[in-house]
1. So, how do all the Cα-to-Cα distances of segment 107-186 break down into 5 Å bins, in percent, from 0 on up?
2. Cα axis of helix 151-164 to longest principal axis of the chain: angle in degrees, 0 to 90, nearest 10?
3. How tilted is helix 440-449 with respect to the longest principal axis of the chain? Cα atoms for both, answer in degrees (0 to 90, nearest 10).
4. Contour minus end-to-end for E110 and Q141, with contour as 0.36 nm per residue of separation and end-to-end as the Cα-Cα distance?
5. Rounded if a/c is under 1.5, else prolate if a/b is larger than b/c, else oblate: which is segment 12-100, with a ≥ b ≥ c the root eigenvalues of its Cα gyration tensor?
6. Sort Y194, Y18 by accessible area with a 1.4 Å probe, largest first.
7. Tell me, what is the 1.4 Å probe accessible area of M381, in Å² to the nearest 10?
8. Say R0 is 30 Å: what FRET efficiency, to the nearest 0.05, do N389 and A482 get from their beta-carbon distance?
Amino acid sequence: MCGILGIVSRHPVNQVLYDGLLLLQHRGQDAAGIATCTGRSFAMQKGNGLVRDVFRTRNMRALPGSSGIAHVRYPTAGSAGNDEEAQPFYVNAPFGLTLAHNGNLTNSAELKDEMFRLDRRHINTESDSEVLLNVLANELQANASGTSLDPATIFRAVSVLQQRVRGAYACVVEIAGYGVLGFRDPFGIRPICYGVAETESGTEYLIASESVALEGLGFRFVRDIAPGEAIFIDLEGNFHSQQCAAHSQLNPCIFEYVYFARPDSVIDGTSVYEARLKLGENLADSVGSAWRTGEIDVVMPIPDTSRPSAMQLAMRLGLDYREGFIKNRYVGRTFIMPGQAVREKSVRQKLNAMSIEFKGKNVLLVDDSIVRGTTSREIVMMAREAGANKVFFASAAPPIRFPNVYGIDMPTRDELIAHGRSDEEIRVAIGADALIYQSIDAMKRAVAAAGPRVSQFEASCFDAHYVTGDITPEYLDRIENARLAPTALREDADRNQMNLKFSAVQD
């Protein structure tokens, strides 16, 4: 999962892009990058780490221009430790392009081979985002006439890209000297929207992964980019849009509503906060049917994502709600941290249990989901150590039994605690006295009830239905084998994409 931004302004954009990345930091803590444009010249700064660690004052001063794009990443395809994978990516021909991508391509290996055999293009990293950039560059070059470029040509190039590329992608691209392009895959799996700000100098446009970034930066939310649609804002502030896919349908990733997105965002007309309240209501009905609620003394969320669901569950069942875990907000989200050992170590650094809320009580812990089980097991243990009499566990999402191939970092089936296990076996593995999951149908009903525009979802990690229709057992085996045998990197290498002085921060 990643966060992306693209802006065309009347003023310098470096600070706006930096502030926007802070608003999207929850979408990726592995790497960050900003690319701005002055005339036909790009400036770029990117590297591994949090936004606050990648950019210093000297870096910000070296990012002039009134248009640009930005990216925060957590690893999907490619290497988590390789700063060559940090985005934006750059290619010099045609015209000069920078790209930031949220999602994951499912045919990147075939495309990479095509790029070399047919298009004579070299891909410098293992990132599918660089593949996507080169496909776009190739189609722009094929469709452009002479040295000029217009919106119709850009949209033709995106149309051909959507015929060649499969998977999930929400993208922003800056074309040097022309403007900023945003586009979305035909299924609308990953979110992307845009807003405007009226200034004395004219209208400014901002494209972002989530509406919260628009609002936080003073932009008025206009709408989501539709599945298969592309929008282009030229440097004079003129807005252009076109549906570029022959067939499109809205199937947003349901995990955005369950976990990833900020609760104050609205995605495809659905309030994330309201969706999580609805998840809590439906989960309460399941708990009330399966358990004797009189045995539950208190309901507690596992901060922060599950808080709305836990509050709504407690209210619906007439149970006390308490905050038993205090979160250290200076430790990152454990689910998106690369490496099991890092996740296990960080759980107790991130949360502390208050014994006054646990001692002698039967506690119902509510979490948004259970992925690897690492956090759940540690938290159950912490609750017992804090004095809980019994620890019940409820998940607002169904069991995650299948890999996600559209941009969520859980491709290996063996990493998923629910894969090949019954609910009872999972309960034993996490050490709870009782465990209940939301059903798949109840989850989908809950999110659909929160927004009238969405009735179908990409929910493959729960139901094994891959909406792009190209995922085979052989494909899943291949990505698992690649994950288990990653390409070795030189730890002491001063690495960065093409070594174009778009360097990572050096201490």
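1. 3, 14, 28, 25, 19, 9, 1
2. Result, in degrees: 50.
3. Around 60 degrees separate the two axes.
4. Working: separation 31, 0.36 × 31 = 11.16 nm, distance 2.04 nm.
Gain in length upon complete extension: 9.1 nm.
5. Working: a/c = 1.95, a/b = 1.23, b/c = 1.59.
In terms of gyration-tensor shape, oblate.
6. Details: Y194 15, Y18 45 Å².
Per-residue accessible area, sorted high to low, gives Y18, Y194.
7. The accessible area of M381 comes to roughly 80 Å².
8. Numbers: r = 46 Å, r/R0 = 1.52.
For R0 = 30 Å, the calculated efficiency reads 0.05.
The values are calculated or read from the model by the stated rules, or taken from the named source; none is laboratory data. Because the structure is predicted, anything quoted here is derived from the model rather than measured. Cβ atoms come from the backbone with ideal geometry, glycine included; neighbour counts cover every protein chain shown. Surface areas here come from the heavy atoms of the whole protein model, side chains and all, with no ligands, DNA or RNA. Shrake-Rupley method; radii C 1.70, N 1.55, O 1.52, S 1.80 Å.
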